[in-house]
Amino acid sequence: MGLYERDYGRDDEMSPWERHQRSQQPKSMAIIVLAVTCGAWVLDILTTKNVDGTRVSVMAEWFACYGTSLIQPWYWYQFLSYGFVHDIERPFHILFNMFNLFFFGRAIEMRLGRWEFLRFYLVSVVFAGALGALTYWVAGDPSGRFIGASGAVSALLILFVCFDPHADLNWFGIVQIKAMWIVVAFLVWNVYGSLQMLSGPNRMGGGTAFTVHLAGAAFAYLYHAKRWNLAWLDPSRFQQSFGTSVRRSRLKIHDPDSKLRKEEEEVDKILAKIHASGEESLTRAERRILERHSRRQREMRNQK
């Protein structure tokens with residue numbers, strides 16, 4: 001029996017959530033991050049202020065990451081927020097980052113699943129931001145600032161190559177090249193730029209935050225080499241821990257949504273595996289998970 005002959009593969013019996021997973025253009029987490037980032041860029045343009053005839057970004061003032069953010073805990077949110085702000089005067093800045101997020105992000109999401117991808121992306125932003133701010137101090141430019149998703153996008157590139165270094169990439173549809181050679185060029189360019197930066201302040205106005213790129217790349221390499229999993233950052237884990245503590249006090253908390261979220265995340269990964277390797281690659285346990293999920297969806301529909 002083929003995959004689409006099973007209960008969980010029939011379009012006429014599938015729930016809206018299941019049809020969403022089977023869609024040719026699913027609203028993946030990578031696309032959601034891309035849309036949020038582009039929305040922030042448009043909002044930034046609409047809220048600029050005019051200073052002596054020059055457009056000044058209000059969002060960059062508040063959400064860019066500064067070297068001084070390291071010693072100002074009330075600004076630590078900037079280690080995350082800078083990744084969603086881009087240069088309003090140079091559209092290529094956001095276009096380049098979003099192109100790579102679209103290309104590499106969706107591929108990584110298929111390997112990790114929606115929620116692990118999101119955790120990886122956001123932690124990459126924070127890690128690259130914190131290390132980047134530190135290097136601005138070392139470069140003697142603590143007031144320097146940087147913006148953009150380049151650190152996280154660099155992490156996606158490196159993780160993609162770690163998974164498949166011999167993949168053939170059609171770069172901008174013009175040049176076909178092995179993925180690992182793109183990484184070589186990336187590292188040479190950024191190491192050289194970082195050395196130049198450390199030998200003299202490279203301010204945000206006309207420079208590139210090379211060290212932020214390298215920090216994102218380093219995080220991706222460690223994530224792959226150490227076989228990290230960021231599921232411990234799932235808020236539902238904290239709820240479960242809290243629930244355990246409460247039960248010890250003879251209080252019970254019933255949280256069915258947590259179980260459903262965990263099951264949906266497992267189904268995400270299984271469907272991604274089917275897309276990448278076919279139904280034959282599934283284990284018995286994975287097939288049971290799909291069948292149990294399909295049965296649960298049918299029961300929920302029958303109750304309505």
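Just so you know, all these numbers are worked out from the coordinates, no wet-lab data involved. Just so you know, these numbers come straight off a predicted model, no measurement behind them. Glycine gets a Cβ as well: all are built from the backbone with ideal geometry, and neighbour counts include every protein chain shown.
Mind ranking 268-274, 66-72 by how tightly packed they are, going by the mean number of other C-beta atoms within 10 angstrom, highest first?
The peptides rank, most packed first, as 268-274, 66-72.
For residue 287 and residue 46, FRET efficiency with R0 = 41 Å and r from the beta-carbon atoms, rounded to 0.05?
So, using R0 = 41 Å, E works out to roughly 0.25.
For a footprinting-style exposure proxy, rank 164, 234 by other Cβ within 10 Å, fewest first.
Starting with the residue having the fewest Cβ neighbours, the order is 164, 234.
May I ask you to sort 227, 296, 106 by Cβ crowding, counting other Cβ atoms within 10 Å and putting the fewest first?
Placing the least packed residue first, the sequence is 227, 296, 106.
Could you order peptides 146-159, 119-132 by the average number of other Cβ atoms within 10 Å of their residues, highest first?
Descending packing order for the listed peptides: 146-159, 119-132.
To the nearest 0.05, what FRET efficiency results for residue 296 and residue 80 with a Förster distance of 30 Å applied to their C-beta separation?
Once rounded, the FRET efficiency stands at 0.30.
Compute the distance in nm between two label points, each set 7 Å from the Cα along the Cα-to-Cβ direction, one at residue 185 and one at residue 166.
About 2.2 nm, to one decimal.
Roughly what would the spin-label model give for residue 229 and residue 31, points 7 Å off Cα along C-beta, in nm?
2.7
For the range 21-232, what size does the Cα cloud have along each of its three principal axes, sorted from largest down, in whole Å?
51, 41, 37
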